[in-house]
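See structure below.
Nothing in this text is a laboratory measurement; each read-out follows from the coordinates by a stated rule. Since this is a predicted model, take the numbers as computed values, not measurements. Every residue, glycine as well, gets a Cβ built from its backbone with ideal geometry; the counts of neighbours run over all protein chains shown.
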């Protein structure tokens with residue numbers, strides 16, 4: 001009887017021992033895995049903290065540089081005498097209007113092109129890289145309809161665009177590459193965000209020229225970015241007449257924007273100008289550009 005009991009107890013003890021060993025092994029494995037997870041989590045925290053620190057440092061540097069840039073209002077550039085570099089053809093006389101549109105293309109561009117076609121008028125478009133990539137059909141139509149293709153950069157942010165000669169030329173080259181990929185046209189015509197005065201430095205102007213870009217400003221500002229009624233057309237017409245009277249040997253470059261709020265103004269303005277006998281042309285690389293002093 002004693003031997004039988006011992007035979008039963010021995011396998012039971014072996015089973016309990018094996019179970020204990022397995023449980024210890026499992027606990028050891030779980031502890032090791034937990035320690036490894038904690039270590040990885042800690043490493044991730046360090047990397048995230050370093051990335052955040054680097055991002056804050058870069059942001060602070062941008063903000064410091066941006067504080068040195070004065071804010072320019074559109075009104076500061078009205079009726080400014082132009083500067084004409086040598087070795088280029090004169091743009092024309094005071095009866096010639098160069099109608100220019102900034103900030104496109106947009107979802108409004110198609111309607112704007114319809115208006116220009118209706119009045120048989122050619123214009124010049126200074127376009128942003130994001131819009132060029134998003135509205136490719138509109139960009140192709142601008143080219144197909146015979147309008148002039150120009151560049152307006154990428155960010156349209158003074159804080160980003162005017163940080164250095166490298167950012168100025170870099171944004172224009174990016175926009176240039178996008179335009180070329182969509183249309184096959186390599187344009188060197190540019191308009192810097194908010195115009196060249198007073199934000200564009202001498203070093204940045206030099207960098208643009210060295211990169212083969214020709215920048216254009218304007219001498220008639222529609223202010224259509226803040227007005228939505230047809231009265232914009234009347235104000236622009238008054239400016240045109242004043243420009244023609246005060247600077248009869250200069251061409252007239254009108255700044256407008258590719259936006260829905262400008263459509264009615266464009267229609268009214270073109271009707272009035274056509275009735276007064278004005279002719280319309282587009283800017284190109286062979287013209288002396290209208291630039292702020």
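Looking at segment 155-293, what % of the alpha carbon pairs are farther apart than 17 Å? Each step should come with its number before you reach the end.
Details: 6291 of 9591 pairs.
Value for segment 155-293: 66 percent of Cα pairs lie more than 17 Å apart.
Give the order of 278, 227 when sorted by the count of other beta carbons within 10 angstrom, beginning with the fewest. Spell out each step's value before the answer.
Details: 278 19, 227 14.
Exposure proxy ranking, most exposed first: 227, 278.
Any idea how far the Cα center of segment 236-277 sits from the one of segment 132-188, in Å?
For segment 236-277 versus segment 132-188, the Cα centre distance is 25 Å.
What's the exposure ranking of 285, 235, 138, going from fewest to most Cβ atoms within 10 Å?
Values: 285 13, 235 17, 138 24.
The fewest-first ordering by Cβ neighbours comes to 285, 235, 138.
Which FRET efficiency, nearest 0.05, do residue 90 and residue 120 yield, Cβ-Cβ r, R0 22 Å? Numbers along the way, then the final one.
On the way: r = 24 Å, r/R0 = 1.09.
Taking R0 as 22 Å, the efficiency between residue 90 and residue 120 is 0.35.
Starting from 0.36 nm per residue, how many nanometres of slack lie between residue 145 and residue 276 once their C-alpha separation is accounted for?
Working: separation 131, 0.36 × 131 = 47.16 nm, distance 2.42 nm.
Additional length available on full extension: 44.7 nm.
For residue 185 and residue 133, compute 0.36 nm times the residue count separating them, minus their Cα-Cα distance, and round to one decimal in nm.
Contour length minus Cα-Cα distance gives 17.3 nm.
Going by how many other Cβ atoms sit within 10 Å of their own, how do 283, 154 line up, fewest first? Please report the intermediate quantities before stating the final value.
Numbers: 283 24, 154 21.
Ascending Cβ contact count within 10 Å gives the list 154, 283.
Could you grab the relative contact order for segment 77-280? Cα pairs under 8 Å, six or more apart, rounded to a whole percent.
Details: 358 pairs, mean separation 62.2, N = 204.
In percent, rounded to a whole number, it is 31.
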